[in-house]
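Student: Let me give you the structure first, and then I'll get to my questions.
The values are calculated or read from the model by the stated rules, or taken from the named source; none is laboratory data. These numbers were taken from a predicted model, which means no experiment stands behind them. Reconstructed Cβ throughout: ideal geometry from the backbone, glycine too, with neighbour counts over all protein chains shown.
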């Protein structure tokens with residue numbers, strides 16, 4: 001069986017994602033689509049709107065055949081590491097190719113850009129350092145440094161999906177992987193759009209906005225019916241839609257009951273950020289106002305949100321480094337279709353990583369971190385139950401026909 | 001000016017307390033009543049129903065002239081340490097006497113009992129150890145050991161106010177203090193009563209029960225009008241009445257995001273209690289059910305609640321020991337009447353401890369612990385403000401004419 005891979009968050013699953021899955025199957029002629037998906041916390045340093053189990057169901061209903069969890073350590077990291085973890089897992093799962101959405105839509109442009117950048121890597125690194133010493137955040141410095149290289153501007157690396165695609169290809173080269181990259185041009189919506197546009201495609205950001213508003217029906221035409229129904233059901237199920245505001249009371253409690261020294265032990269809390277966090281928390285009644293106070297030129301909003309995530313989840317530097325010292329050690333299956341099951345059966349013997357379907361039977365450090373963060377996520381979901389542990393440790397993969 | 005001292009929690013202030021203050025003034029002929037009062041967390045390991053500021057106001061309206069804070073480290077300790085801190089502060093504030101409510105009502109009985117117990121101290125200590133090795137909790141072992149001594153049963157030390165009185169007198173002897181003890185027989189209500197009785201006196205426990213119920217008016221006849229109005233106002237001010245349930249989400253978050261080893265660093269978390277806490281938390285949707293699961297013969301309910309309090313407030317063993325290594329280092333004034341102010345003026349020069357009226361101007365470790373716990377308390381009070389810090393650091397003493 002031929003398998004292609006996609007890297008997704010589905011926060012939530014919408015028409016653009018549906019189109020991406022269909023097109024991936026068409027252009028790769030794959031029998032099976034493997035989706036590497038973030039768990040409960042996402043790359044922009046945010047809790048997912050819906051739990052990984054709900055999002056896995058969406059993925060399977062939407063056209064994926066197998067959903068593999070991208071571990072927390074990778075799912076909440078900057079683009080290079082996020083991409084490395086994702087491509088590593090797709091390769092480990094036996095995908096022949098992977099297929100990402102991009103603003104560009106032309107895979108050879110990615111290759112050429114990467115070749116050129118590699119040949120000028122020394123200049124590039126020097127430029128990045130120079131801009132960072134001037135106080136620019138890493139992404140800004142990288143973009144500026146890149147702009148100074150002698151590379152024709154065929155690939156616009158200010159676009160978020162182009163950046164990720166670039167990192168996917170770089171990771172697959174680094175891994176010496178035979179996995180073949182494809183890209184599909186994204187339709188209409190810009191990643192950062194905050195308003196719903198015409199047509200049936202909108203950004204996940206704009207869709208989330210609509211979903212949280214008084215009129216959730218506004219979002220209906222931008223999602224497949226099965227997604228919309230699931231989201232609506234969760235919203236009616238009082239307070240089950242997650243965002244940072246729900247976790248702010250816990251974050252604030254953590255900040256106000258910890259010393260700067262304790263906070264500094266958490267991953268990505270550096271250079272006195274602990275003191276800024278404590279100060280910003282004092283006057284802030286919402287996560288939004290807290291973040292606004294915390295923001296400086298030095299760090300991007302995303303980078304700061306990630307640091308907050310690690311404080312919330314109490315992820316210490318040591319723990320994170322230990323996990324990141326080696327590539328992911330297992331393939332955790334969150335769900336599959338009948339086709340996904342067949343595919344797994346066909347490759348099982350040749351896989352180099354163990355398959356994890358029930359967490360309670362395994363002892364990987366990455367899974368412990370996953371469980372720890374999932375319990376925190378569950379507390380935001382509802383203060384009146386803790387079936388979360390059972391859910392995390394004993395839920396069998398979601399099955400969809 | 002002549003001053004007498006009382007040791008109080010006022011959770012909340014009721015007619016029994018009002019009577020105690022009046023009688024204390026009568027029998028001691030004091031010009032000024034100094035109340036040493038616990039802050040936001042109490043001896044039974046519980047958050048106070050109302051903040052220390054509201055309870056200070058009650059105390060002053062009810063007849064006290066000066067309210068001094070009993071630091072967290074003492075306020076949440078077992079009877080001997082609670083009593084030591086309280087009597088030490090009363091002595092430091094220049095009180096000539098102190099006056100406690102008791103079931104006995106006869107101060108000479110306390111003295112005699114103490115003399116007899118001292119003379120048989122070796123037997124007593126041996127008995128306590130023996131009972132504890134049999135698995136009894138410390139208070140049970142102490143009561144049983146005491147029962148085995150050759151002491152006529154004139155003082156019933158199974159009664160909570162008798163125990164405290166006994167410890168007050170013992171502390172004052174230990175301190176070699178000239179401060180003279182008086183006691184007043186408590187009227188009607190038993191400390192542990194859970195139902196409102198006839199007459200106008202009920203236990204604070206029964207009053208709290210009524211206050212939390214649908215019909216707060218049931219409690220009205222057991223409190224002075226100024227107390228009742230304050231409590232009612234706070235209850236209407238959505239959710240400002242505190243109990244453990246309000247803090248359970250935070251405690252649970254702390255338990256689920258901490259390792260057993262981290263929990264074991266907190267004060268009074270010992271002998272594997274950390275593991276029991278984590279297990280009990282998993283299935284418990286309320287603090288009540290959590291505690292029921294946590295309870296064993298080895299520990300009293302109160303002792304376990306205190307351990308929970310230290311986990312909630314993140315009070316580490318080291319921090320606590322450092323503070324308890326020396327007696328309280330300051331006198332923190334929470335409030336005063338005109339008489340209290342005059343009294344302070346008259347003794348100011350002879351006081352050996354510094355007076356603290358505004359916390360922000362001082363740097364004592366005990367005050368830092370106080371602030372830390374007050375911020376946690378404030379978070380339970382309302383998730384939508386953090387004026388708590390200002391309140392803790394900058395509130396001047398409450399003044400009542």
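Student: For the subset of the stretch A:280-296 comprising residues that are more than 11 Å from chain B (Cβ to nearest Cβ) and not in a helix (DSSP H, G or I), which member is surrounded by the fewest Cβ atoms within 10 Å (Cβ to Cβ)?
Tutor: For the stretch A:280-296, the residue satisfying everything is A:296.
Student: Just need a number here: residues in the stretch A:304-339 that are touching a residue at least 60 places away in the same chain (Cβ under 8 Å) and out of contact with any helix residue (DSSP H, G or I) (no Cβ under 8 Å at 6 or more places or on another chain).
Tutor: Of the residues in the stretch A:304-339, 4 are touching a residue at least 60 places away in the same chain (Cβ under 8 Å) and out of contact with any helix residue (DSSP H, G or I) (no Cβ under 8 Å at 6 or more places or on another chain).
Student: Also: Kindly list the number of the only condition in (1) assigned to a helix (DSSP H, G or I); (2) out of contact with any strand residue (DSSP E or B) (no Cβ under 9 Å at 6 or more places or on another chain); (3) surrounded by 15 or more Cβ atoms within 10 Å (Cβ to Cβ) that fails for residue B:310.
Tutor: Among (1) assigned to a helix (DSSP H, G or I); (2) out of contact with any strand residue (DSSP E or B) (no Cβ under 9 Å at 6 or more places or on another chain); (3) surrounded by 15 or more Cβ atoms within 10 Å (Cβ to Cβ), residue B:310 violates only (2).
Student: Okay, next question. Can you pull out every residue in the stretch B:53-73 that is under 11 Å from residue B:11 (Cα atoms) and touching a helix residue (DSSP H, G or I) at 6+ places or on another chain (Cβ under 8 Å)?
Tutor: Matches in the stretch B:53-73: B:54, B:58.
Student: Against the condition closer than 28 Å to residue B:252 by Cβ, surrounded by fewer than 22 Cβ atoms within 10 Å (Cβ to Cβ) and either away from chain A (no Cβ under 11 Å) or over 19 Å from the mean Cα position of the chain (by Cα) (or both), how does residue B:322 come out, does it pass?
Tutor: No.
Student: Yes or no: residue B:357 in contact with a helix residue (DSSP H, G or I) (Cβ under 8 Å, 6 or more places away or on another chain), more than 14 Å from chain A (Cβ to nearest Cβ) and surrounded by fewer than 21 Cβ atoms within 10 Å (Cβ to Cβ)?
Tutor: Spelling it out, it is not the case that residue B:357 is in contact with a helix residue (DSSP H, G or I) (Cβ under 8 Å, 6 or more places away or on another chain), more than 14 Å from chain A (Cβ to nearest Cβ) and surrounded by fewer than 21 Cβ atoms within 10 Å (Cβ to Cβ).
Student: Check residue A:258 against each of (1) under 19 Å from the mean Cα position of the chain (by Cα); (2) assigned to a loop (DSSP other than H, G, I, E, B); (3) within 14 Å of another protein chain (Cβ to nearest Cβ) and name the one condition it does not meet.
Tutor: With respect to (1) under 19 Å from the mean Cα position of the chain (by Cα); (2) assigned to a loop (DSSP other than H, G, I, E, B); (3) within 14 Å of another protein chain (Cβ to nearest Cβ), residue A:258 is out only on (1).
Student: State the number of residues belonging to the stretch A:108-124 that are part of a helix (DSSP H, G or I) and out of contact with any helix residue (DSSP H, G or I) (no Cβ under 8 Å at 6 or more places or on another chain).
Tutor: 9
Student: Of everything in the stretch A:73-95, what is under 19 Å from residue A:315 (Cα atoms) and in a loop (DSSP other than H, G, I, E, B)? Give them in sequence order.
Tutor: A:76, A:77, A:78
Student: Does the stretch B:191-213 contain any residue that is closer than 26 Å to residue B:114 by Cβ, at pLDDT 90 or above, under 21 Å from the mean Cα position of the chain (by Cα) and assigned to a loop (DSSP other than H, G, I, E, B)?
Tutor: Checking the stretch B:191-213: not a single residue is closer than 26 Å to residue B:114 by Cβ, at pLDDT 90 or above, under 21 Å from the mean Cα position of the chain (by Cα) and assigned to a loop (DSSP other than H, G, I, E, B).
Student: Scan the stretch A:61-72 residue by residue and report those that are surrounded by fewer than 24 Cβ atoms within 10 Å (Cβ to Cβ) and not in a loop (DSSP other than H, G, I, E, B).
Tutor: Selection gives A:61 alone.
Student: Quick check on residue B:20: is it assigned to a helix (DSSP H, G or I), in contact (Cβ under 8 Å) with a residue 24 or more places away in the chain and not assigned by TED's automatic domain parsing to the domain that holds residue B:202?
Tutor: Answer is no for this residue.
Student: Among the residues of the stretch B:267-279, which ones are surrounded by 15 or more Cβ atoms within 10 Å (Cβ to Cβ), without any contact (Cβ under 8 Å) to a residue 40 or more places away in the chain and within 12 Å of residue B:304 (Cβ to Cβ)?
Tutor: We begin by selecting, within the stretch B:267-279, every residue surrounded by 15 or more Cβ atoms within 10 Å (Cβ to Cβ); these are B:267-269, B:273-274, B:276-278.
So of that shortlist, the ones also without any contact (Cβ under 8 Å) to a residue 40 or more places away in the chain come out as B:273-274, B:276-278.
Selection gives B:273, B:276, B:277.
Student: To continue, here is another question. Mind checking whether some residue in the stretch A:381-388 is assigned to a loop (DSSP other than H, G, I, E, B), touching a helix residue (DSSP H, G or I) at 6+ places or on another chain (Cβ under 7 Å) and over 18 Å from residue A:53 (Cβ atoms)?
Tutor: We begin by selecting, within the stretch A:381-388, every residue assigned to a loop (DSSP other than H, G, I, E, B); these are A:382-387.
So of that shortlist, the ones also touching a helix residue (DSSP H, G or I) at 6+ places or on another chain (Cβ under 7 Å) come out as A:383, A:386.
From the residues that got through so far, the ones that are over 18 Å from residue A:53 (Cβ atoms) too are A:383.
Scanning the stretch A:381-388 turns up at least one residue that is assigned to a loop (DSSP other than H, G, I, E, B), touching a helix residue (DSSP H, G or I) at 6+ places or on another chain (Cβ under 7 Å) and over 18 Å from residue A:53 (Cβ atoms).
Student: Answer with yes or no whether residue B:373 is within 14 Å of chain A (Cβ to nearest Cβ), closer than 21 Å to residue B:55 by Cα and assigned to a helix (DSSP H, G or I).
Tutor: So residue B:373 passes the test.
Residue-by-condition table, conditions (1) under 24 Å from residue A:72 (Cα atoms); (2) away from chain B (no Cβ under 14 Å); (3) buried (at least 18 other Cβ atoms within 10 Å of the Cβ):
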{"residue": "A:304", "(1), (2), (3)": "yes, yes, yes"}
{"residue": "A:326", "(1), (2), (3)": "yes, yes, no"}
{"residue": "A:364", "(1), (2), (3)": "yes, yes, no"}
{"residue": "A:379", "(1), (2), (3)": "yes, no, yes"}
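Student: May I ask you to say which residue of A:108, A:97 is modelled with pLDDT of 90 or more, touching a strand residue (DSSP E or B) at 6+ places or on another chain (Cβ under 6 Å) and surrounded by fewer than 22 Cβ atoms within 10 Å (Cβ to Cβ)?
Tutor: A:97
Student: Also, quick follow-up: Determine, yes or no, whether residue A:349 is more than 25 Å from residue B:260 (Cβ to Cβ), away from chain B (no Cβ under 12 Å) and touching a strand residue (DSSP E or B) at 6+ places or on another chain (Cβ under 7 Å). Please lay out each step first, then the result.
Tutor: Values: more than 25 Å from residue B:260 (Cβ to Cβ): yes; away from chain B (no Cβ under 12 Å): yes; touching a strand residue (DSSP E or B) at 6+ places or on another chain (Cβ under 7 Å): no.
No: the conditions fail for residue A:349.
Student: What residue, of B:246, B:265, B:276, B:252, is over 25 Å from residue B:17 (Cα atoms) and away from every other protein chain (no Cβ under 12 Å)? Give the steps one after another, and end with the answer.
Tutor: Working: B:246 fails: away from every other protein chain (no Cβ under 12 Å); B:265 fails: away from every other protein chain (no Cβ under 12 Å); B:252 fails: away from every other protein chain (no Cβ under 12 Å).
Residue meeting the stated conditions: B:276.
Student: Of the numbered conditions (1) part of a helix (DSSP H, G or I); (2) touching a residue at least 40 places away in the same chain (Cβ under 8 Å); (3) out of contact with any strand residue (DSSP E or B) (no Cβ under 8 Å at 6 or more places or on another chain); (4) surrounded by fewer than 24 Cβ atoms within 10 Å (Cβ to Cβ), residue A:58 satisfies every one except a single condition; which is it?
Tutor: With (1) part of a helix (DSSP H, G or I); (2) touching a residue at least 40 places away in the same chain (Cβ under 8 Å); (3) out of contact with any strand residue (DSSP E or B) (no Cβ under 8 Å at 6 or more places or on another chain); (4) surrounded by fewer than 24 Cβ atoms within 10 Å (Cβ to Cβ) applied to residue A:58, the lone miss is (4).
Student: When you scan the stretch B:350-360, do you find a residue that is touching a residue at least 40 places away in the same chain (Cβ under 8 Å) and over 18 Å from residue B:34 (Cα atoms), even just one?
Tutor: No: the stretch B:350-360 contains no residue that is touching a residue at least 40 places away in the same chain (Cβ under 8 Å) and over 18 Å from residue B:34 (Cα atoms).
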